[in-house]
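S.K.: Got a structure here, written out as structure tokens. Questions coming.
The values are calculated or read from the model by the stated rules, or taken from the named source; none is laboratory data. Quantities reported herein were computed from a predicted structural model and do not represent experimental measurements. Cβ sites come from the backbone with ideal geometry, for glycine too, and all protein chains shown count toward neighbours. Remember, those area values only see protein heavy atoms, side chains included, never the ligands or the DNA or RNA. Shrake-Rupley method; radii C 1.70, N 1.55, O 1.52, S 1.80 Å.
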Amino acid sequence: MPRVTLSAGRTLLCQFWTDARKRFVFISLELTKMEDSPYFQQNNKVTRSKLSLGRPTVSNQILQPSLSKKLQVKIKEEPVDDSYVETISSVNQGRPEQLVKCENISSVIKSETDVKEIKQEPLECYHDNKDSGAMTTKTVLKTRKRGKQVIQYETVSVKSEPTDTDFQTTSDDNRKKIKWEPPLWKTHLENIIEMRKAWNAPVDTMGCDEISDRHSKPEVYRYQVLLSLMLSSQTKDQVTSAAISRLRSHGCTVDNILNTPDDQLGKLIYPVGFWKKKVIYIKKTSAILKDEYKSDIPNTVQDLCKLPGVGPKMAYLTMKCAWDQVVGIGVDTHVHRISNWLGWVKKPTKVPEQTRIALEEWLPREHWKTINHLLVGFGQQTCLPVRPKCASCLNQQICAVGRANVKKMGVKIKKENNMKIEKEER
């Protein structure tokens, strides 16, 4: 703020902002040249006001010819119920403070560093927003020290009646996730069931549950189911079925397998894929089953996967066939391939375990028990990994691979027909 200088006898009219309701209090100060006045120096100039109410601004610089010998403070204000406290402290030490009592003064603060307190009328309530029903309470706390004011706001929530524009919102956690599913999966499944109604695929007669001895003890049957799944990895069902048949003739129990030499066991399971490694896996697994599970097999997927040579696909199929519990989908190479070709996964998957997770996210649980058997047989007969029989498939027009293969076959057939016609013409 620029420095204010006034000569003796000049009237100072100050305008202050003192009320939150936009009311003005005009203070007219008539100062007179006095030898003992603390507001004038020897050069008869006022350098700065020492009023605790704040720094004055000059609004009228007209000289006043008639000067009094007293310091008078005249306050004009609107009538209010509350009281105001104003103090004027002396600048020079040893000088008595000059206190001026105004109307409705309840108390006087005599310290120069004290703060002027203004009591306002009760809290004003107003609506913060027209659309919202919340009511906000505005609390104005005015403290004046060297001309500064502090305003604090307090928010109070008030219940309001619902209107037509009100609507209920839910958080992201409570919102129902939109479940993705292939658009034509039901048609695909119905066509596959129709093509598989004869039940004459290799898996139908040489599956792990079919080649095991159902008439033996339950723990022996479960053990044979586990062994048949271990041997089926990278092996055709016909080879696996022949190996299990030889093991059953030899005696396919935990104790008998442990007592069988590795060479002899290798000859019994040959020619399954990776038969040398599978001999080691069978011996280690049988030892664990005897020591920890009393010659039985584990009844959870986690414990089954801990066994040597047992993966997720074998564990889920073992739970279904041996324990009659459907806890997941067994995904082998056939299920993995067909699911990607039909677009049953949201994104293309690279390994069967990714396909299992993708299928379980959208496929209804009532299909989990039969989906492996259906797709494996369909992959063995029609949807072959090499040269699939798309021409005889009912899904050829709703399958991307089928449409592409049929188109290629059509072009090839046209070429062959054209060649025949040319030969006949010659």
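S.K.: On the given criteria, is Lys284 touching a residue at least 24 places away in the same chain (Cβ under 8 Å), surrounded by fewer than 14 Cβ atoms within 10 Å (Cβ to Cβ) and in a loop (DSSP other than H, G, I, E, B)?
M.R.: Taking the combined requirement at face value, the residue does not satisfy it.
S.K.: Can you spot a residue in segment 329-351 that is in contact with a Phe, Trp or Tyr (Cβ under 8 Å, 6 or more places away or on another chain), among the aliphatic types (A, V, I, L, M) and more than 21 Å from Val401 (Cα to Cα)?
M.R.: Checked against the condition, which is being in contact with a Phe, Trp or Tyr (Cβ under 8 Å, 6 or more places away or on another chain), among the aliphatic types (A, V, I, L, M) and more than 21 Å from Val401 (Cα to Cα), segment 329-351 yields at least one hit.
S.K.: Something else about it: List the number of the failed condition for Arg337; all other conditions in (1) closer than 23 Å to Gln234 by Cβ; (2) over 33 Å from the mean Cα position of the chain (by Cα) hold.
M.R.: Of the numbered conditions (1) closer than 23 Å to Gln234 by Cβ; (2) over 33 Å from the mean Cα position of the chain (by Cα), the odd one out for Arg337 is (2).
S.K.: Just checking, which of Tyr223, Tyr293 is farther than 30 Å from Ile398 by Cβ and touching a residue at least 24 places away in the same chain (Cβ under 8 Å)?
M.R.: Tyr223
Here is a yes/no grid of residues against (1) open to solvent by less than 40 Å² (accessible area, probe 1.4 Å); (2) not aromatic (Phe, Trp, Tyr):
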position: Lys313; (1), (2): no, yes
position: Leu317; (1), (2): yes, yes
position: Gly328; (1), (2): yes, yes
position: Trp368; (1), (2): yes, no
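S.K.: Which one of the conditions (1) touching a helix residue (DSSP H, G or I) at 6+ places or on another chain (Cβ under 6 Å); (2) over 30 Å from Ile280 (Cβ atoms); (3) not in a helix (DSSP H, G or I) does Leu384 fail to meet, given that it meets all the rest?
M.R.: (1)
S.K.: Within segment 169-180, is even one residue surrounded by 12 or more Cβ atoms within 10 Å (Cβ to Cβ) and either modelled with pLDDT under 95 or among the hydrophobic types (A, V, I, L, M, F, W, C) (or both)?
M.R.: Checked segment 169-180: no residue is surrounded by 12 or more Cβ atoms within 10 Å (Cβ to Cβ) and either modelled with pLDDT under 95 or among the hydrophobic types (A, V, I, L, M, F, W, C) (or both).
S.K.: Out of Ser245, Ser249, which single residue is in contact with a helix residue (DSSP H, G or I) (Cβ under 8 Å, 6 or more places away or on another chain) and not hydrophobic (A, V, I, L, M, F, W, C)?
M.R.: Only one candidate passes the filter, namely Ser245.
S.K.: Quick one: how many residues across segment 402-426 are over 30 Å from Asn191 (Cβ atoms) and in a helix (DSSP H, G or I)?
M.R.: Selection size over segment 402-426: 8.
S.K.: Something else: How about segment 292-318: which of its residues are hydroxyl-bearing (Ser, Thr, Tyr) and not in a helix (DSSP H, G or I)?
M.R.: Scanning segment 292-318 gives Tyr293, Ser295, Thr300.
S.K.: Output the number of residues of segment 182-229 satisfying the condition of being more than 30 Å from Lys347 (Cβ to Cβ), over 45 Å from the mean Cα position of the chain (by Cα) and outside any helix (DSSP H, G or I).
M.R.: 9
S.K.: Which of the residues that make up segment 312-359 are more than 28 Å from Gln397 (Cα to Cα), of a type in the set (Gly, Ala, Ser) and touching a residue at least 40 places away in the same chain (Cβ under 8 Å)?
M.R.: Ala322, Gly328
S.K.: Given the structure, is Thr349 within 29 Å of Glu219 (Cα to Cα), among the hydroxyl-bearing types (Ser, Thr, Tyr) and modelled with pLDDT of 95 or more?
M.R.: no
S.K.: Determine which single condition Ala400 fails, assuming it passes every other condition in (1) open to solvent by less than 50 Å² (accessible area, probe 1.4 Å); (2) under 40 Å from the mean Cα position of the chain (by Cα); (3) of a type outside the set (Asp, Glu).
M.R.: Exception for Ala400: condition (1).
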